[in-house]
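Quick notes on the structure that follows.
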Amino acid sequence: MKIKMFLFLVLTVLFVFLINLSNQDKEIYYLNIDTTNSLSYDKEIYHKLKNNNKLEKYINIFSKKDYRTTDLINDINNNKEVNNQTIQNALIKADILTLYVGINDLNYKINSSKEELYEYTDQVLEDIEKLLKLIRIYCKEKIYVIGYKNNKGVSYDEYFKYVNKIIKSICDEYNIIFIDINNNENIIDKIFSK
């Protein structure tokens, strides 16, 4: 009788544990980092998750206007804390991370000579690769990098195609999803397509 009772107790505990495990992580911890604070895609994602009762937490406290890629790298390395939340911890907890970085860096020399612009851009792209490699150390879940749209005119079409192509190849290397808004990929559709 004691063995049956013990087995019943063990099976009950196991059953409760499995139910709890299956219900765990159904809600999404959403982290957005945007170095321009000019795009509004994060609000749409937030509302879609909230309206579908899938939002655990939304963090946007590490986004700043005029933030450079190297600033973000430094903040991660120094584990910057904002509102009692460290950036490394937010990256670790994130189920979804959307990232829009580098445009401030790229715009800095946008009116330079073509040779100077591309030389500078290659340096910026190296910084972006360092950032993505660093982020991937902490965030093991889905990372979406938002590409750049050409708002500078037709003469910059090739430039933005070049930049987006390089960033996409970097994203592929680190198993990160690239969203090419210059080719009219919809951010919301791409994130919620699965």
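What follows is calculated from the coordinates using simple rules that are stated; it is not laboratory data. Only a predicted model underlies this, so the values are computations on that prediction, with no experimental measurement involved.
Some observations on this one:
- Max mean-square fluctuation residue, GNM over the chain, Cα-Cα springs under 10 Å, options Glu116, Glu129, Glu141: Glu116
- The long axis of helix 41-51 is offset from the longest Cα principal axis of the chain by roughly 20 degrees.
- Listed pairs Lys26/Lys190; Lys65/Lys152; Lys80/Lys190; Lys57/Lys140; Lys130/Lys165 exceeding 21 Å between Cα atoms: Lys80/Lys190
- Structure-based [θ]222 nm, the chain - -39500 (n - 2.57) summed over DSSP H runs of at least 4, per residue, nearest 500: -16500 deg cm²/dmol
- Extension gain (nm, one decimal) between Lys130 and Thr70, 0.36 nm per residue minus Cα-Cα: 20.7 nm
- Degrees between helix 2-23 axis and first principal axis of the chain (Cα, 0 to 90, nearest 10): 20
- Counted residue by residue at 0.36 nm each, then reduced by the alpha carbon distance between them, the extension gain from Asn186 to Lys114 reaches 22.9 nm.
- Note on the range 90-190: Kirkwood radius taken over Cα pairs, Stokes-Einstein applied at 37 °C and 0.692 mPa s, translational D equal to 232 µm² s⁻¹.
- Per-q log10 I(q)/I(0), the chain, q = 0.08, 0.12, 0.17 Å⁻¹ (Debye; single scatterer per alpha-carbon; no solvent): -0.33, -0.64, -1.13
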